[in-house]
C-alpha cells in the first residue's frame, strides 16, 4: 500500500480510460510521487512537509489526466493490448500454451530437415538470423520478467514490441524477396516461353519452403510476445491491487 493510496484511488475514479492504460497511469503516478517524496526527504523536509510538498507539486486536474490518457492509450497501444488481453485467465493461458506446443511441434519436424533449407530461397540467410535475434531477445526478456523482485517495474515490458517487429520483418522480407524472385522468373520466361512451366513450378516449390520457414519463425516470436506480455500485464494488475489496498 502506498502512502498516496487515497489520492491514487480518487484519481482511479476520475480516469476515463480502460485497462491496462488505467493501471499504468496509476503506477506511473505512484512511482513519480514516491521519487519526489524521497527527494524532499533528502533535502531535509519532515515526513509531513514532504508529503504536503508532493501533493502541492502534482496538479491532478482533469486536463492533466486527459494528457496522461493520451500518452498511455494510443491506438497502437490499444491494438497490441487487444492481442494480448485475452490471455488473462488461467484457462486462456493454458490454451495458448497448448496451441503454441502444437504449432511448434507441427512445424518443428520440417524446420529441422535440411532439405527444407536446400529448397528454400537464399532469403533463408536473412530470415534465420532475424529469428535467432528474436529468440535471444525473448530469452533475455523472460529472464528479467520472471526474476524481477517487484511486481511492477516500468522497464519490464520495454522491448517486447520488438519481438512483434521482428516477426513482421520476417514476413515482409520473405514476401518481398519472393515477389522479386517471381519477377526475375517472369523475365526468364519471356526469354524462353517454352520453359514457363518449369520456371513457375520451381518458383512455387522454392516459395513454399521459404514461407514455411518465415511463417514458422514469425509464429514462434508472436507466441513468445503473447506469453511475456500477458505475464507483464498480470504483474501490473497485482501491483495496482497492492497499491490501492485498503482504499476500496
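Before moving on, here are some points about what is shown:
- Residue match in segment 126-137 (condition: within 13 Å of the chain's Cα centre (by Cα) and modelled with pLDDT of 85 or more): yes
- Taking the criterion of being closer than 20 Å to residue 157 by Cβ and either touching a strand residue (DSSP E or B) at 6+ places or on another chain (Cβ under 8 Å) or in a helix (DSSP H, G or I) (or both), the residues of segment 9-22 that qualify are 21, 22.
- Unmet requirement for residue 143, which otherwise passes all of (1) within 17 Å of the chain's Cα centre (by Cα); (2) outside any helix (DSSP H, G or I); (3) surrounded by fewer than 14 Cβ atoms within 10 Å (Cβ to Cβ): (2)
- Between 67, 34, 28, the distinction of being surrounded by fewer than 12 Cβ atoms within 10 Å (Cβ to Cβ) and either in a helix (DSSP H, G or I) or modelled with pLDDT of 80 or more (or both) belongs to 67 only.
- For the criterion of being assigned to a helix (DSSP H, G or I) and either loosely packed, with under 13 Cβ neighbours inside 10 Å or modelled with pLDDT under 85 (or both), residue 179 passes.
The values are calculated or read from the model by the stated rules, or taken from the named source; none is laboratory data. If you're wondering where the values come from, they're calculated on a predicted model, not measured in any experiment. No Cβ is skipped: glycine too gets one built from the backbone with ideal geometry, and neighbour counts run over all protein chains shown.
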